[in-house]
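Notes to accompany the following structure.
The values are calculated or read from the model by the stated rules, or taken from the named source; none is laboratory data. Predicted model, so just to flag it, every value in this text is computed and none were measured. In this analysis, Cβ positions are derived from the backbone assuming ideal geometry, glycine residues included, and neighbour counts consider all displayed protein chains. Heads up: the accessible areas ignore ligands, DNA and RNA and are worked out on the full protein's heavy atoms, side chains in. Shrake-Rupley method; radii C 1.70, N 1.55, O 1.52, S 1.80 Å.
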Amino acid sequence: MRQITYPSSFTAFRKTARELLQQQVAPETILWSDSTTLNLSFEQNNAAQRATEASYFVARTFLDVAQTVACHRDPTKWERLYCILWKLTHGEKYLLHTGLDKDVVQCKRMAQAVRRDCHKMKAFVRFRQINDPTDPENPHFVAWFEPQHLIVKRMAGFFKQRFANMHWSILTPDDCVHWNQKQLFYAPGTDKSMAPREDDYETYWLTYYQNIFNPARLKTKAMCAEMPKKYWKNLPEAALIPQLIEKSMRMGFK
Amino acid sequence: MHIPICVQSTLKKLAILSDAAKYDASCASSGTAKRDSLDGKGVGSAGGAGICHSYAPDGRCISLLKILMTNYCIYDCLYCINRKSSDTPRARLTPQEIVDLTINFYQRNYIEGLFLSSGIIRTADYTMECIIAVAKTLRLEHDFRGYIHLKTIPDATKDLIAEAGKWADRLSINVELPTQQSLKKLAPEKDTHDIAASMQRIHEKTEEYKAAKRAKTNSKPPPFAPAGQSTQMIVGADDASDATILTTADQLYKNYRLRRVYYSAYSPIPMPSLRLPAVAPPLVREHRLYQADWLLRFYAFKLDEIVDNQQPNLNLEHDPKMSWALRNPDFFPVDINRAPREVLLRVPGIGVRNAGRIVHIRRYQALRWQDLQKLRIPLRKVMPFVEVIDYFPNKYALENQQTFAPSQIQQLELFASPTATITGEL
């Protein structure tokens, strides 16, 4: 059994996976762990192993899926990816084409969860404006967001393209990203107290939300399917939901 | 930040004019020309999949700031809350107020853009000019690159429609009711021929734009509504059958290449006209119409396979594909490993995506029953209709109506049963 520490990034995984493949280490002989204190680390074993010179080529589609899966919060993703990589390079070249293998099914679900979270981040980030008295023309827009997966770096480009001419920051527990209209900067995660608590314009947004709602057609489950409750705490309009439902019930629609 | 001096009044107007806009179902923000603000001065990007920034408890997405410029109206359409004879509170936002709301909402990531509509004030042309002015200010003064959907006034002149398409991603004209007779009765000022003529104009301009894009000359053609045109029909305000509604929709898709026909279950409006039904909106019917619409557009069904003179209305118990399948038991079972794509698409429970995946997987291996589960195909629903190498359906299942009792169907489908559609319960 070989003990391997979970890689810290996709790049690190690539390096580890390449070395493991070159040494022909089968997935079932690896014990993955998130502990760095185990004394049988891969690096120490490394010298004892004789690496082969073989090089491996895998399909572009694997890299795409792997990069997406790498954003998943569950660290067992690395074991699954290595299993797939092993199978792809050991006689099951077309594994990804059918997508029916159990590791592939699991990884595709993980990738799907990451993509969904990315889409929800585009939708549910809410900026609040901070005015800078020394530069009133250039306010700072700051958002607090709690993504399900590790997607901040993956999504930064979207916000850069959309809000290129705004000074903005997105703060999350995992990573923070800042844009100064020229460059993106990353910083470690923070907590909610660092984000602004209010924005005067929210009154307009809440007014809009209340009035665009049609009380004659109550479909709460449909709403929750697309806007799961886990996101509600950072959506200012979500606080209105109970009273809107109540209004609709009072009018006799249920 | 631009907080208008008279805060109370803009808020009040926003409340009235968003309340007045909620009967328009469209909220699409997808499928337009790709762009971002990296080389611009303002905010905005568009061109990918649509983004729904929020959902209201009515289950509808909120993607755009959907608002009327004004709800004063010289028309008296009976189904409309803003008709001349209604005593609903009235308001009118200035172009600057709409522009400020749009930009400020967008900067905070509340919306993808603006969907602007209006009651008719003074004349059709005057109203259209006001709507265009808002879009033009957003694009030219603020370099706004987000999504703009403009409601087009059917009687507006050709030049104004051309101008609207220059600034908007999408244009729409609501046909409102499926027949000329209903329109005459309920919306006396509107005319089917005017609506058709305006749709035709938008269609021609869109085709011109597409042809210019294909021509690959060095200069980029000026855009014209790159996200196309859509329309809306109200369901349940008149006595039109589903067959009539779908026939009209089918013709609209064919004649004007509409991107979407929206069906809006008539909601009882506050202070309704006495000539309209005062009942809960027919949400199940609306849902079935959307399903039928999808069958026409993506599943190669023909209109007369879904509704005909004998059965002019859609079955509310079963979805239209299931209804067709039950009427055509001889078509089944379908062999998952051999049937062409268009046959797979006829199986209740197999959608466009899974039909494509099945065809792809078959090139590498034959499918088994458990593979269908991995594809997340609803097994109990497809069970009577398909065969794979290790499963053959009971040939009596299709004849046994018990198999399709609603109680069982409810467990399989999302929002498909009548009560689920109303309550939203899964």
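Of all residues in segment B:105-119, at least one satisfies being of a type outside the set (A, V, I, L, M, F, W, C) and assigned to a helix (DSSP H, G or I).
Scanning segment A:62-97 for residues that are in a loop (DSSP other than H, G, I, E, B) and crowded, with 19+ Cβ neighbours inside 10 Å yields A:Ala70, A:Cys71, A:His72. Of all residues in segment B:22-35, those being out of contact with any strand residue (DSSP E or B) (no Cβ under 8 Å at 6 or more places or on another chain) and either surrounded by 18 or more Cβ atoms within 10 Å (Cβ to Cβ) or free of Cβ contacts under 8 Å to residues at least 12 places away in the same chain (or both) number 1.
Within segment B:301-334, the set of residues being surrounded by fewer than 15 Cβ atoms within 10 Å (Cβ to Cβ) and either acidic (Asp, Glu) or in a helix (DSSP H, G or I) (or both) comprises B:Asp304, B:Asp308, B:Arg327, B:Pro329, B:Asp330, B:Phe331.
Picking from residues in segment A:126-156 that are of a type in the set (D, E, K, R) and within 10 Å of chain B (Cβ to nearest Cβ), the one that is most open to solvent (accessible area, probe 1.4 Å) is A:Arg128. Over 25 Å from B:Leu283 (Cα atoms) and of a type in the set (Lys, Arg): is that true of B:Arg83 in this structure? No, not satisfied. State all residues of segment B:359-394 that are away from chain A (no Cβ under 14 Å), within 35 Å of the chain's Cα centre (by Cα) and open to solvent by less than 60 Å² (accessible area, probe 1.4 Å); if no residue qualifies, say none. Correct list: B:Pro378, B:Leu379, B:Lys381, B:Val382, B:Pro384, B:Phe385, B:Val386. Only helices (runs of 4 or more DSSP H) whose full extent lies in segment A:168-254 are considered here, and the ones with at least 3 residues that are out of contact with any helix residue (DSSP H, G or I) (no Cβ under 7 Å at 6 or more places or on another chain) are A:220-226, A:241-250.
Taking the listed residues A:Tyr186, A:Tyr201, the one that is surrounded by 15 or more Cβ atoms within 10 Å (Cβ to Cβ), hydroxyl-bearing (Ser, Thr, Tyr) and in contact with a strand residue (DSSP E or B) (Cβ under 9 Å, 6 or more places away or on another chain) is A:Tyr201, with no other qualifying. Scanning segment B:142-170 for residues that are surrounded by fewer than 24 Cβ atoms within 10 Å (Cβ to Cβ) and among the aromatic types (Phe, Trp, Tyr) yields one hit, B:Trp167.
Within the set B:Leu183, B:Leu140, the sole residue that is in contact with a Lys or Arg (Cβ under 7 Å, 6 or more places away or on another chain), of a type outside the set (Asp, Glu) and free of Cβ contacts under 8 Å to residues at least 24 places away in the same chain turns out to be B:Leu183. Please determine, by comparing only the residues of segment B:36-64 that are within 14 Å of B:Ile148 (Cα to Cα) and more than 7 Å from chain A (Cβ to nearest Cβ), which one is surrounded by the most Cβ atoms within 10 Å (Cβ to Cβ). Restricting to residues being within 14 Å of B:Ile148 (Cα to Cα) and more than 7 Å from chain A (Cβ to nearest Cβ), the top hit is B:Leu64. The numbered conditions (1) within 20 Å of the chain's Cα centre (by Cα); (2) among the charged types (D, E, K, R); (3) under 27 Å from A:Glu237 (Cα atoms) are all true for A:Arg109 except (3). A:Gln161 fulfils the conditions (1) open to solvent by 10 Å² or more (accessible area, probe 1.4 Å); (2) facing another protein chain (nearest Cβ under 10 Å); (3) of a type outside the set (Ser, Thr, Tyr); (4) more than 25 Å from the chain's Cα centre (by Cα) except for a single criterion, (4).
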